[in-house]
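First comes the structure, then the notes that go with it.
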Amino acid sequence: MSNRRGPDFETRMAGDEEIPPPPQFVDQATVTDDSVYDEFEVNWPDCWDRAAATLDWFDPYESVLPDDEPPFEWFAGGTLNACYNCVDRHVEAGAKNRVAIKWESHLGETRTYTYQDLYREVNEFAAALRAQGVEEDDVVTLYMPMIPELPIAMLACARIGAPHNVVFAGLSADALATRLESADSRFLVTCDGYYRRGSAIFLKSKADDARLKAAHDLEEMVVVEHLGETGHLGAGQHTYDELVEAHAGAEVAPVERAADDVLFLIHTSGTTGEPKRVEHVTGGYLAHVTWTSQAVLDLKPEDTYLCTANIGWISGHSYVVYGPLALGTTAVMYEGTPNYPERDRIWDLIEENAVDVFYTAPTAIRSFMKWDTSLPESRDLSSLRLLGTVGEPIDPRAWKWYYEHVGNGTCPVVDTWWQTETGGMMITTLPGVKKMKPGSAGPPLPGVGARVVDGRGEEVPANEAGYLVLTRPWPGMPLALRRGHRWGEDAAKFDVDGWHYFTGDGAKVDDDGYVTVLGRVDDVINVSGHRLGTMEIESAIVGVEGVAEAAVVGGNHEVKGEAVYAYVITEDGYEEGEDLRARIIEGVEDAIGPIARPEQVVFTPELPKTRSGKIMRRLLEDVANGAELGDTSTLRNPAVVEEIAAKVRAQS
Ligand code: WTA
């Protein structure tokens, strides 16, 4: 197996340093006993009781996992409500005046919601949704930026058993329309607009556009007036404030959901041209994210916690909203970007809020390092107890910078590997138990089965690269996997004995069982922690007038991890050049959003193809990375690769 990263990637990742858990951290950590690993082995699957015990159930479950063949009915027979677990139970337990969400806006405004405030507003909005006709199991799409009304709307949906379908606000109207259709969703909550790096983005007009484009009619649309620029509201459109005011003081009983009932849908990029719909269920998902928030992030009710993930993606669902709130923690929610208005904004937030636990992405860490290494040191970050990363591989250099300059050498760093499909963390160190190895995520969490295999499904020897597969079901697994479905890319890949799920990642395992994740090996690329499907981008480009064919690959990027490289063949009669390049970029932004914008558009008369007509993407990746070109002998047109490489060199 080869991974797509540049040739020096594995060397950079091969940190062999070991760092023990800092003693002052261990002294107070929730999980400190190594025996937890054995306990999970010996008692599997009943060990997962431990995760379920972090929650309050209405009806207790009869069995943790009745059968180890699909369908996997985690916590069968149990009923619960996610909103009850994230809000009501803390109010009932006397924590009503503890801060649940401290919102820090882009422009310096703050809003604070205690658990009581959250209880009130979630109930009012739940009542409003019901009054709009939302019934149990109706899907409500939430197309909103990082404003408090987003988690409030998620919890209101959870309260009434209406699965939410959050769409990242940076995605385009077309992308929203596709996701409304895929979820068969007739209710939309959005906002008039928001600021990003000081300029206003009007979301409502994108939502209106999507409404026209979606194949079915929207019944109701709710608009949060965030900028105060809502303008005209048509039939079936209401402002959030108007609805909440009309239901002031309303209380809605949390509905009892079966453990297997869907809590939310989320779309991510897969290996086809279509977004991949992932459905997470109430019991297993919530147990998984709450348990890992406690065991890995070490979150406690008295903690203040900052996670920079956007709620539009899975990291924000699991570790801004559900996990931390289920534990009754204070979550700082940040609307803006780390470099606005200044590059010390994050350190400012940590200092001001005396943040205990900080969870971010390697791409952010690489930016911090690039901007000014001394910035974090000019702030008092001594409140920090634990640091985490997620979203991409972190190389040892960035890991160490984070550990030393942000954590002052006293905070463990948890490098957490997981995916939209896993719902919650799967591979990482338990920070109060395990030594850390910079660059390696760590062993699978207790109870998690992971293996690295070759193309035939055989386990590879230690320290050799292969495909990362999960070999045991886990509570946070999504509906499709519970039911025994295999996603296309999984089924196509290879045959491993027994149940397994192919993650799409390459990895290797060392002699201690620590997993180093090497990056995607399928047609998914990871740009600044954003997961993008090359096929989706290609189909957007091919839709542009004047384009005959396109191939998209990821090339290495110092800060973003990977960047989008688009190789394009023009149609006869069209000229390559600035005009077409601009239209290609616009086409991608319209179909997906600015996050998928190609870094480089390279016009080429031909694409490197095998004799059977398959595009050799690996070679295009080598070209993007300026790497030595791999074997070109099987190409129908070997000379074309050198030609393309020369063009890329000229453009960069
Ligand atoms: C990558 C984000 C290395 C990986 C939670 C995975 C990582 C994809 C790590 C999922 C990590 C995530 N080390 N790679 N700690 N965490 N990834 O679905 O390629 O947006 O398959 O979920 O991100 O991205 P997704």
(request) Take the Cβ-Cβ distance between residue 43 and residue 572 as r, set R0 to 51 Å, and report the resulting FRET efficiency rounded to the nearest 0.05. (result) 0.15
(message) If you average the C-alpha positions of region 525-567 and of region 86-146 separately, how far apart do those two centres end up, in angstrom?
(response) 37 Å
(request) Could you tell me the largest-minus-smallest coordinate of the C-alpha atoms of region 170-326 on each of the three principal axes, in descending order and whole angstroms? (result) 48, 44, 38
(message) Just to confirm my numbers, what's the Cα centroid distance between region 189-255 and region 577-596 in Å?
(response) 27 Å
(request) Pick out, from 198, 214, 632, the residue whose Cα sits farthest towards the positive end of the charge dipole of the chain, with +1 on the Cβ of Lys and Arg and -1 on the Cβ of Asp and Glu. (result) 632
(request) May I have the convex hull volume per residue, in Å³, for the Cα set of region 294-423? (result) 97 Å³
(request) Using only alpha carbon positions, build the gyration tensor of region 272-360, then give the equivalent ellipsoid semi-axes as the square roots of 5 times its eigenvalues, largest first, whole angstrom. (result) 24, 19, 8
(message) How large is the direction-averaged shadow of the alpha-carbon convex hull of region 412-566, in nm²?
(response) 10.8 nm²
(request) Sticking to Cα atoms, compute the Rg of region 414-475 to one decimal and its Dmax as the biggest Cα-Cα distance, whole number, in Å. (result) 12.2, 37
(request) Enter the mean projected area of the convex hull around the alpha-carbon atoms of region 536-617, in nm², rounded to one decimal. (result) 5.6 nm²
(message) Could you order the peptides 283-291, 612-620 from most to least packed, using the average number of other C-beta atoms within 10 Å per residue?
(response) 283-291, 612-620
(request) With label points built 7 Å along Cα→Cβ from the Cα atoms of residue 34 and residue 370, find their separation and express it in nm. (result) 4.1 nm
(message) For region 438-521, what does the convex hull of the Cα positions come to per residue, in cubic angstrom?
(response) 97 Å³
(request) Using a Förster distance of 30 angstrom, determine the FRET efficiency expected from the C-beta separation of residue 16 and residue 274, and round it to 0.05. (result) 0.10
(request) Quick one: Debye curve from the alpha-carbon atoms of region 491-568 only, equal weights, vacuum; give me log10 I(q)/I(0) at q = 0.14, 0.25, 0.27 Å⁻¹ to two decimals. (result) -0.62, -1.16, -1.22
(request) Would you mind classifying region 301-342 by shape? Square roots of the alpha carbon gyration tensor eigenvalues, ordered a ≥ b ≥ c; an a/c under 1.5 is rounded, otherwise it is prolate if a/b is larger than b/c and oblate if not. (result) oblate
(message) Sorting check: for 422-430, 471-479, 496-504, which peptide has the highest mean count of neighbouring beta carbons within 10 Å, and how do the rest follow?
(response) 422-430, 471-479, 496-504
(message) Tell me the Kirkwood radius of region 18-158: reciprocal of the mean inverse pair distance over distinct alpha-carbon atoms, in Å.
(response) 18.6 Å
(request) Please identify which residues in region 135-158 have an amide N closer than 19 Å to a label point set 7 Å out from the Cα of residue 250, following the Cα→Cβ vector. (result) 135-142, 149-158
(request) Note down the nm distance, to one decimal, between modelled labels 7 Å out along Cα→Cβ at residue 651 and at residue 404. (result) 3.8 nm
(request) Subtract the Cα-Cα distance of residue 241 and residue 610 from 0.36 nm times their separation in residues, and report this length gain in nm to one decimal. (result) 126.9 nm
(request) Calculate I(q)/I(0) for region 494-652 by the Debye formula, one identical point scatterer on each C-alpha and no solvent, and give its log10 at q = 0.11 Å⁻¹ to two decimals. (result) -0.48
(request) Using a Förster distance of 56 angstrom, determine the FRET efficiency expected from the C-beta separation of residue 548 and residue 27, and round it to 0.05. (result) 0.30
(request) Over the chain, calculate the relative contact order: mean separation of alpha carbon pairs under 8 Å at least 6 apart, over the residue count, as a percent. (result) 15 percent
(message) Restricting to Cα atoms and excluding each atom paired with itself, what does the Kirkwood estimate give for region 351-390 in Å?
(response) 10.9 Å
(request) Using Cα positions and a limit of under 26 Å, work out the lysines in reach of residue 96, with same-chain residues fewer than 8 apart set aside. (result) 300
(message) Could you tell me the ratio Rg/Rh of the chain? Both radii from Cα atoms, Rh via Kirkwood.
(response) 0.95
(request) Would you mind getting the Kirkwood hydrodynamic radius of region 234-282 from its Cα pairs, rounded to one decimal in Å? (result) 14.6 Å
(request) For residue 370, go through the lysines and keep the ones whose alpha-carbon is under 21 Å away, minus same-chain ones fewer than eight residues off. (result) 400, 560
(request) Return, for the Cα atoms of region 591-652, the radius of gyration and Dmax in Å, separated by a comma. (result) 12.5, 37
(request) Determine one quarter of the surface area of the Cα convex hull of region 103-240, which equals its mean projected area, and express it in nm² to one decimal. (result) 7.8 nm²
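Every number in this text was worked out from the coordinates using simple rules, so none of it is lab data. Computed from a predicted structure; not experimentally measured. Cβ sites come from the backbone with ideal geometry, for glycine too, and all protein chains shown count toward neighbours.
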